[in-house]
Structure formats: C-alpha cells, structure tokens
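**Q** Take a look at this one; I'll ask things after.
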Amino acid sequence: MTQVNRLDGGLIDRNTPLSFSFDGRQLTGYAGDTLASALVANGIRLVGRSFKYHRPRGIISAGSEEPNGLVELRSGARREPNSRVTMTELFDGLDARSQNRWPSLGFDLMSVNDRLSSFLGAGFYYKTFMWPKKFWELVYEPIIRRAAGLGALSGEDDPDVYDRGYRHCDLLIIGAGPAGLMAALTAGRAGAEVILVDEDFRAGGRLTLETHDVGGMAGCDWADSAIAELSTMDNVRIMPRSTAIGVFDHGIYSVVERVADHLAVPQPGKPRQILWRVYAKRALLCAGATERLIAFDNNDRPGIMQAGAVRGFVNRYAAAPAERIAIFTNNDDGHRTAVDLAAAGIDVTAIIDSRDEAPASDVAEVLRGSVVSNSSGRLGLGHVTVRMAGGGHRHLDCGALAVSGGWNPNVHLTCHHRGRPVWQDDIAAFVPGDGGPAGLAVAGAARGIFSTAGALADGQAQAIAQLAEIGITAAASKMPEAESDDINITPMWHVGGTKRAWLDQQNDVTVKDIRQAHQENFRSVEHLKRYTTLGMAGDQGRTSNVLGLSIMAELTGKTIQETGTTIYRPPYTPTPIGVFAGRSTGADFRPTRLPPSHHWAVEQGAVFVEAGAWLRAQWYPREGETKWRQSVDREVLATRQSVGVCDVSTLGKIDIQGRGAAEFVNFVYSNGFATLPVGKTRYGLMLREDGMVMDDGTTARLGEDHFLMTTTTANAGGVYRHLEFVRQCLRPDLDVQLISATDSWAQFAVAGPNSRAVLQQLVDPQHDISNEAFPFMACGNITVCGGLPARLFRISFSGELAYEIAVPARYGDAMIRALMTAGEPYDITPYGTEALGVMRIEKGHVTGNELNGTITARNLGMEKMVSKKKDSIGAILSGREALVAEDGLCLVGLQALNGTDVTAGSHLFAVGTPVDAKHDQGYVTSAAYSPHLEASIGLGFITNGAARHGEIVRAMNPLQGRSAELKIVSPHFIDPEGDRLRA
Amino acid sequence: MIIPHPLLGPRDSQEFVYLGDASLINRPDWQAGDAADSFYEYQYLRDNPAGTHRELWYHEMGDRSWLIVTRNTVTHEIISAELANRQTAAAKTKSSRAGGRK
C-alpha cells in the first residue's frame, strides 16, 4: 500500500524508508516518522476501540497526551499494550495491533455496549452490580475483569534490562521548545551545569510542528542550531527521549530515558530504559501546552483532531489527515492551521469560528458565530453539521476536522507537591499558582506565554533569575526575532445537543455523565473524577479535565477557579513498571549473601534455602536418599550419636568494646551481664522497651572491656541499629564502641559427643579444651592448625556437647574442609538448617518462630531473666498488669498422638470446646519430626501452659483443613537436666 | 528528601532509616516512683504535629549516626539536622547540673 496521504517536505528522511505492520497490514513510512504520522500518511484513521462503549476511535494528537491511539506494540515477550502511537518512533519491522476489539477493528461485536449506553453511564458499576450479593464474585467480577483494560500483557518475563542512574546539575530544564532551548543557551553560555530533557526524539517542541520563522530561519532550523551550539558545551547534557515524570522534595526529579524504545530490540548490553534520579539545584519547567477540544455531539469520530496536531502532522511529518479538512475554533490559533494546510495544498473546507468577531481568512471561508453540532461517517469522519450564526444548518464534506478549543499550559509538575493552578481569564486556562515545588520555576507556554517571542524571552529571563539564586551570573543576549501573536480566545466548551458529546475519550466520559454526576450530587471535582472516571485514564485527562470542569462550573454556577482541579500526581506520562524495578528483579531482587562454606556445600550437593538475605544449606542429601526427611533424620541422629558440623556464620555478631562495654551490655539485656567473668559466655534476652522480646543470643566476654554479642540471623541488622540507638541516644555517657563483625568471621557449630575429639585435632596443643579447662559456656581466643587465630565458644543449640569455632572469614572454606578431615574417624556429618531446627525444637530452644514480637519473657517461662535490680530496656513495661496475668500464654512442648502431625500455625483448643476465636487458647509456633523420639513434636504457646503438662488438646488448622490431638509436655524433649551439654 | 548531615553534608534520605519523634531520647528514670506511668507515656504517647517536628533518623547506609532532624511535616522543609549524641549528652549534662531528673 502506498502512502496515500504523504505530502512533500517535512522533517522525515525519504532516503530511509521503513516497513511496518498494523493489524497485519504491511505498510511503509520513513525515518523521522512516529507510528502516528506513518498511520496518517497511509490514510489509516481508525486505530482503536474505546474502553467502555467500543466506539471506533482515531488519533487526536501528535504528542504524549494521546488518549485514543493506543496499540499493542511488538510481539512475543516484548509485547507492550497501550503504547501511544504518537510517542512511538517508527523503526523497520515495527509490529503493532489495535486493542479492545473482537473479532476485528472494523467489526467489533462488543460495540453492542454503545447501544446499551443508557445502562452504562456514570456510576454504573456502583448501581448495576449490587445485587444479588453473591453474584459479585461468581458472575459480575469475572465478566468485568474480562472486559476491562485495553491491551493484554504477554504473560512472559520481560527480556529487557532497565537501569537506574543518578545525575546532578545546577539547572534542570524540562522541555526543549523555544523557552527551554533559550534557557539552556543562556545557562550554558554562563557556564552552569545544565541538563536539558525532552520527551521528543527531536528538539524544538512546537517549533518542529510549526512553519513560522525564528531569527530569520525556519523555527526547526533555529532549534537545530541551538542544539548544535549546546552540544559543544561540556557543561550541558542534552537528553532526548527523556520525560521528567515527577518532582520530589529538595530538588529531586525522576526522569525516564527511553534508551532503546525506538529500536526493534535494545543494543546488546544496553538497557531499554533508565530511571534517572536528578539532583538539581534549580529547575525550569518548559513543558509547553496541550490543545483542548470542544465537545459536540459525536465529536469522537476518527478524523476529528486537535487543530495543532493536524498542522503538526502536515508540517513536520508531511502527512495529511485528509484531503479535505474543516476547522472548528474559538481562537486565532485555529486560523494558523488553515494557513498551514492551504500552503500544503490541502483543501480547507471552512473555518467554523464560534466568535462573532472572528478575523477574515485568505485561505478559506470563515463561518463566524457558528459551531459544529454533529458529525457523521462510518468508522471515520465524512461530514460535519454546522449550526450557523443565523440558526440554520450546513453540512460540510470533510475527512478531518481540526478543533481548537484553546491551550492548557502543562502545569502538572508544579502540582506534584499539592500546588494548585490558578485560572487566567485572558487565555481561558489554568496557569501555575504559588506554592509549587521549591526551586522549580516555569517558563513559556507552560505558564501561559503562548507566543514564540514571548516563550524565548521568558526562557532567558527565568534562566537568569534561577541561576542568580544559586550565585551564577548569566548574561542576557539578543533575542531572535519571532512571532508574537495573541490567541484571542473566547471560551466555548461545548455545543449543546441531544446526542453524546465526548470529553474524556480514553475513559468514555461524556457531557451527559457530568450532568448526571451533578444531578446525583457528585459535584466536588474529586467526587466528579471518581464517579465518572473523568481523567482517570492513562493520559490523566490532559485533553479532557478542563472541559469537564468548565461544564461542572456551568452547572453549579461557580467559576472554574472555584470549581478547581483535581490533584496531579506522578508520573506525568504512563511509565512501565519495569523501569521502577530497574535491575531488582528475579534473583537480583536483593543481594544474596553466601556463608563462607557455601562453595564447599555446593560440592557436597547440598540443597539450599533462603534465610533472610542468606543462602544456607538446608540439608545434604546422600546417594539413595529420595526424600528430604531421610537426609534430615540421618543428620540429626548422626550428630546426636557422634558429631555433626553446621555453618552458623550467618548469625549476627556485634563486637562491643570500651570501658563502658559491660554496663552497656547489662543495659540492653534484661538479665545480668555485669558479673560475667572474662572467658565466659552467657545467654542474653533482649527486650524492646514495651517489654516484648526483641531477640536473643549468646554474648561472650573476651576481655574486661570486650564483649562479642550474637544475634539471630534475621535480626542482625535491626539489633545493631537498636544498639547504636542506645549508645548514641540513651547512653552517650558510656565509653563504648560497636562494630558489626558478622562478615568478618566464619563460624561453625561442632556438635555431638565426639565434637571435642574432633576439635582437639585442630586446636593447637598449647590450648587445653578438656572439660575441666574449658567447661560449658567457656570462651576464648585460641589458635588452630598451627597458628591461625581463632575463637572457641562452648555453647550448644542442639543440646549436645558442642562448640562453635570461629576463624577469619577468608579461612572459612579451609576450616570446613579441615573439620571434615579431622572428623573422618568419627564419621562427621554436615547438617543443614532443617536438622538444626529439629535439634533446637527437641531441646526447646526458641527462635524467630517463637519470638514473634508479641511474646514476653514471662510467656517463655523466663520471667526470672528480667532483672529488677538494674535499669535495662523493657524491664519496666514488661511488668504491666496485662503482661503478668496468671493465665497468660506459656511456652510448652507438644507431642502428636494417634498418628497425627503437629502443624505450625495451628490453634489450640481444650477438648470439648467449640472451635472459635472465643475459645482459642494458643497456637503452635514450630513443628518437626523428631527422629530421637520417633514422633511428631512441636513448640507452642497455650494459656497457663506450665500447669497443663500431660493434658491433651486439639490443634486446629482450618487453612490446611487439618486437625490433630496433641499432648502438652515440657518444651525440653531431650536431656532436660543438661547433662549432655556438660559432658 | 535531602538531609543535611552535620558531618557528611547533604545526603539522600534513601540512605537513612526513620524512627520517629525525637522525644524517644528522653528515657525516664527507672527508679522514680511513677516509673510505670512515665515509661508508658514515653513509649506510647507522642505528638503527631502537622508542622515542625523533631525526629530521629539513622544513617544506616552511611556513618551509622543517629540524627535529630527538625522537619516541617507539611512542607518537608528541613530546618536543622544535629547529631543525636550531642543533644543527649548536652541534655544529660544540663539535667545533672540541675540536680538530676525526677
């Protein structure tokens, strides 16, 4: 198919033809085209179906405000729905499909909705689907979900990479139109660090779409020369294809750079898009303005477009929306379109100007005081009906109607901190008000200065003023000559009629919907928005909001200023979720920390589990073991019978030193530490100030003024932060210093009756680690393997004779191998986190499962560990009445009966009581199969548990549909006297 | 937001962890007769002003210092940022000169 509507001229490269497809039709365009301009050049007006009524729709704009021209772009995993054709640069092989139609764009069965429109007006969701109540989940919701949305996601992983970056500058200039370019030249010449961002791929803003001259040359040539000069400046960075989407506090701006959206696939190693966080001392918003339409009956027919877009397609892209074009305007800007179209040889049918005093035109008949009242044509515009000043009607043949209802400054970024725009009568538009983000100024059309000369001068003046505030002196230069016409608008929002007149074309909101919202008293702009969905689509109502507000203002008899606007929020334009995620996806969602023995564990064929940020060995399967329980049971039994080894480096380690170290530790733990002798380790219970248990662990006193605290793996960061809070904010009187030593040491638990025999082979002979010389809870600095400094702790999580041995982290791999070699005679068994968990449950040690933030020392049966003789965090509030009640929760052991299993998360009920919240007596926190007891066991909390050992209770787990009979027992399933520990 | 760190200069608030009202540095005396009440108030009763607020921020991705940042919660304007330990030490010196807290 040839490009039937292609004209001469334009800013396209005819030497680079590009082929593309739309709904399977093979078409051609040129480099420099957008998908929108290429579709226009190919005579395609119908590009999509509307959201609710499935009305045929066409392109109405040439910019990022486009509400209708949304397509599925690319195929396979790169398929992206709702891509705006006006922002899609054409590339060779581009593949686009229309959305929201079935079976085809021309014949859409869902367009039956349009005939049912009287049932689908504003608020229909709230009225139609209310009854019968049970129909919501079964019937309505599935139907609505299927019908909702425009395009569809691919359902596949995004193959592209997105990045994040950080940039700093003196002046960020948003928009490279006449104001932005002049500001950049002024600031650049003054030596300021400048970043100039523009959402287009070609700088110039409206200058690329207009024909008038700047400085004696074509406007687009002047823009090119400005860019050429800026490109020579090292202090200026030009970022095309980049949109400032949000303003954040203290001069932080989000800029999305579309690095590769104009290519079929990103270049190897390059991201598709980058989210820049720009730190700007000052910023200048030169975002221009958006033209609005005028509402009249059936004003959504393909071919009815913004007047500025119509001449933009003709001037920049040499693409004529139709052979015959009529113009409907309420201001002088519409006449400019007529001039440009006539110059391009297009037949301008007439200029329908609602103003009685409209100027004359050299190129077309002007119908003064007239309005377009209706349109007709199948799947595209064929005729418009004009209601003449005298009252009669005229029918005009035209393939396109260029509508100019005035221009709305793009004030959005000035409102991101809740600043409110103010109404300016002479241009009939909102301009930025006071109270915008600090450090953000506005220049040019974005603050209602619409003429080119005005924008150029304002860009320079604002740049000079902004730079002066940060101590940079910039000089004014001679302004290039440019047009300085007024638009002379006489506001005209909608033409009264009997059919539907569209405001928000993306969300199918009509003038009638606004009337209905008014009738039903949804009159505040925020209610209006939510009731009608006006402005809630991807374009955030850029072409519709002011129209809707003006109609509400008419209905309520208020001014538009009094009616106000809804709040604009980031992002300014639709932004892919992927760019917010950046590289934080999949396995890279967060860093993975590997314990020192990881590579050795991989060699052993270990199965791994994520524990916080760590990847830990979960168990070590051996040949012939087909179920995880076989491995875990073997590891537990081997450890209890001989010796096992486990990497426990992930536990938090905090090194505490200073003359105040002992007092500090004594203050953060509820139990006493002041008297702990050097060379000894003690279990410590750490409370929050509200009396709940925060964490627990062992702390070793390595010297008079030197403690080493351990924390649970998950709480390492939080406990460290807490200790710094105590040190800096509560006890700055203490001479104490902290450092996290978690990553510095590789630490291994060596557990089981033969653990000492294994370690004696590695510990250098001058260190006596016999039971007498190095008893339970001893600790000390030693050397191993012939002089390697190490630390040894005689502590046990498993309940067996056990040690933890720490070596500098870089020796961790060597240490695990040395331990395995030394343990060979005893059949030493590496064990993972599962066996670790089984053994600690058998011993009745608590972990994060039990320390869930609602548990007190008393709940754990450790109330004696909250010393009343000293000041410590949490001691006072743990004595609150409700926390010391006699029937409080109490930690117990649970053993399953009659072949049932203990399931963590089950709730506990006395036998014979109803299963409801009122009779809930507690819950199961941990569960395991104990190979030692050959039974399913667990830990949990139940009211008054200490006095109920031996009682049988019911455990209910409605989520998993399970129930069990459990016997309450002591939480110490093995060796309650602790003889093994001291062996 | 950008927090003017007294030692490190302007730093992005992303580097910090927020805790809350700076009154948390004024921990009551555990031996006072009304300790149960004063700890309850210390732990649970805090102002939530729309306007100037002194609050605690922890520079976790930086030098691990706790700062007291005086910030307008409406405009996010930051009026000052000081090291918390200086504030606490000064307060304690003052109160000990005045004969200690209740």
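**Q** Tell me whether region A:886-969 comes out rounded, prolate or oblate; compute the Cα gyration tensor, take square roots of the eigenvalues as a ≥ b ≥ c, and use a/c under 1.5 as the rounded threshold.
**A** Oblate, since a/c reaches 1.5 and b/c is not below a/b.
**Q** Next up: Counting only heavy atoms of the protein chains, get the accessible area per residue of the protein assembly as shown (1.4 Å probe) and round it to a whole Å² value.
**A** Spelled out: the 1.4 Å probe surface of the protein assembly as shown, per residue, equals 41 Å².
**Q** For region A:903-967 and region A:361-406, write down the distance between their C-alpha centroids in whole Å.
**A** Answer, in whole Å: 79.
**Q** Using protein heavy atoms only (no ligands, DNA or RNA), what is the total accessible area buried between A and B, 1.4 Å probe, nearest 100 Å²?
**A** Looking at A and B, the buried total is near 2600 Å².
**Q** Follow-up question, since we're still on this one. Could you pull out every one of the lysines with an alpha carbon less than 30 Å from that of A:K281, ignoring same-chain neighbours closer than 8 positions?
**A** Output for A:K281: A:K270, A:K478.
**Q** Oh, and also: Residue by residue through region B:57-69, which ³J(HN,Hα) values in whole Hz follow from phi under the Karplus form 6.51 cos²θ - 1.76 cosθ + 1.60 (θ = phi - 60°), with glycine and proline marked x?
**A** 3J(HN,Hα) across region B:57-69, in whole Hz: 10, 10, 7, 5, 8, x, 9, 6, 8, 8, 10, 9, 9.
**Q** Less than 9 Å Cβ to Cβ from A:T385, Lys/Arg counted +1 and Asp/Glu -1: what total charge do the surrounding residues give?
**A** Net charge around A:T385: +1.
**Q** Take every residue in peptide B:70-82, count the Cβ atoms of other chains within 10 Å of its Cβ, and give the average of those counts.
**A** Taking the mean over all residues of the peptide, I get 1.
**Q** Can you give the relative contact order of chain A as a percent, counting alpha carbon pairs under 8 Å and 6+ residues apart?
**A** Relative contact order here is 9 percent.
**Q** Which value results when the Cα radius of gyration for region A:768-821 is divided by 2.2 N^0.38 Å?
**A** Rounded to two decimals, the normalised Rg is 1.16.
**Q** Something else: Under 20 Å Cα-Cα from A:K870, which lysines qualify once same-chain neighbours fewer than 8 residues away are excluded?
**A** List returned: B:K92, B:K102.
**Q** Shifting gears a bit: In sequence order, what are the phi-derived ³J(HN,Hα) couplings for region A:308-324 according to the Karplus relation 6.51 cos²θ - 1.76 cosθ + 1.60 with θ = phi - 60°, rounded to whole Hz, with x for glycine and proline?
**A** x, 6, 4, 6, x, 4, 5, 6, 7, 10, 6, 10, 8, x, 6, 6, 10
**Q** Further question on the same structure: With a ≥ b ≥ c the root eigenvalues of the C-alpha gyration tensor of region A:293-405, is it rounded (a/c under 1.5), prolate (a/b larger than b/c) or oblate?
**A** oblate
**Q** Right, something else. Would you work out what percent of the accessible area of region A:293-405, with all protein chains in place, is carbon or sulfur (probe 1.4 Å)?
**A** 45 percent
**Q** Here's another thing I want to ask about it. Helix A:716-725 sits at what angle to the longest principal axis of chain A, using alpha carbons and giving 0 to 90 degrees rounded to 10?
**A** Here the helix axis deviates by roughly 90 degrees.
**Q** Round to the nearest 10 and give me the degree value, 0 to 90, for the angle of helix A:333-343's Cα axis relative to the longest principal axis of chain A.
**A** 70 degrees
**Q** Can I ask one more? Give me the dipole magnitude in Debye, nearest 20, for chain A about the Cα centre, with unit charges on the beta carbon: positive for Lys and Arg, negative for Asp and Glu.
**A** With Lys and Arg at +1 and Asp and Glu at -1, about 1740 debye.
**Q** While we're looking at this one, here's another question. If contacts are Cα pairs under 8 angstrom and at least 6 residues apart, what is the relative contact order of region A:183-266 in percent?
**A** Reported relative contact order: 30 percent.
**Q** Could you work out how far the C-alpha centroid of region A:709-763 sits from that of region A:435-452, in angstrom?
**A** If we compute the Cα centre of each part, the gap is 57 Å.
**Q** I would also like to ask the following. So if we plug the beta-carbon distance of A:D234 and A:A343 into 1/(1 + (r/R0)^6) with R0 = 56 Å, what FRET efficiency do we get, rounded to 0.05?
**A** The value I calculate is 0.85.
**Q** Would you mind telling me the share, in percent, of accessible area of region A:431-514 contributed by carbon and sulfur at probe 1.4 angstrom?
**A** So the carbon and sulfur contribution to the accessible surface is 49 percent.
**Q** Here is a follow-up. How many angstrom lie between the Cα centre of region A:490-538 and the Cα centre of region A:104-121?
**A** 19 Å
**Q** Additional query: Within 14 Å, Cβ to Cβ, of A:L367, how many net charges do the neighbouring residues add up to if Lys/Arg are +1 and Asp/Glu are -1?
**A** Cβ neighbours under 14 Å give a net charge of 0.
**Q** Sticking with this one: At a Förster radius of 60 Å, what calculated FRET efficiency corresponds to the Cβ-Cβ distance of A:T913 and A:S75, to the nearest 0.05?
**A** Step by step, r from the Cβ atoms, then E = 0.50.
**Q** Got a sec? Which residues of region A:845-878 lose 40 Å² or more of accessible surface with every protein chain in place, vs. that chain alone, 1.4 Å probe?
**A** Those are A:D871, A:I876, A:L877, which lose 40 Å² or more relative to the chain on its own.
**Q** Which log10 I(q)/I(0) values does region A:652-740 give at q = 0.13, 0.15, 0.20, 0.22 Å⁻¹ under the Debye formula, counting every alpha carbon as one identical point scatterer?
**A** -0.34, -0.47, -0.87, -1.09
**Q** By how many degrees, 0 to 90 and rounded to 10, does the Cα axis of helix A:833-843 deviate from the longest principal axis of chain A?
**A** That works out to roughly 50 degrees.
**Q** Excluding A:E72 itself, what net charge comes from residues whose Cβ is under 13 Å from its Cβ, given Lys and Arg +1 and Asp and Glu -1?
**A** For residues surrounding A:E72, the net value is +4.
**Q** Of all accessible surface on region A:638-729 at a 1.4 Å probe, what whole percent is carbon and sulfur?
**A** 52 percent
**Q** Here's something else I'd like to know. Please find the FRET efficiency linking A:T585 to B:E15, where r is the Cβ-Cβ separation and R0 is fixed at 22 Å, and quote it to the nearest 0.05.
**A** Computed FRET efficiency for A:T585 and B:E15 comes out at 0.45.
**Q** In the structure shown, do any of A:K52/A:K133; A:K680/A:K967; A:K134/A:K499; A:K529/A:K558; A:K869/A:K918; A:K52/A:K529 have a Cα-Cα gap over 28 Å, and if so which?
**A** Check vs 28 Å cut-off fails for A:K680/A:K967; A:K134/A:K499; A:K869/A:K918.
**Q** Hey, another quick one. Please work out whether chain A counts as rounded, prolate or oblate from its C-alpha gyration tensor, where a ≥ b ≥ c are the square roots of the eigenvalues and a/c under 1.5 means rounded, while otherwise a/b larger than b/c means prolate and anything else oblate?
**A** Judged from the Cα gyration tensor, chain A comes out prolate (a/c at least 1.5, a/b above b/c).
**Q** Shifting gears a bit: Give me the distance in nm between label points sitting 7 Å out from Cα along the Cα-to-Cβ direction at A:L153 and A:L120, one decimal.
**A** That separation, rounded to one decimal, is 2.5 nm.
The values are calculated or read from the model by the stated rules, or taken from the named source; none is laboratory data. This is a predicted model, so every value here is computed, not measured. A quick note on method: Cβ atoms are made from the backbone with ideal geometry, for glycine too, and the neighbour counts reach across all protein chains shown. When the accessible area is computed, the model is the full protein with side chains, heavy atoms only, and any ligands, DNA or RNA have been set aside. Shrake-Rupley method; radii C 1.70, N 1.55, O 1.52, S 1.80 Å.
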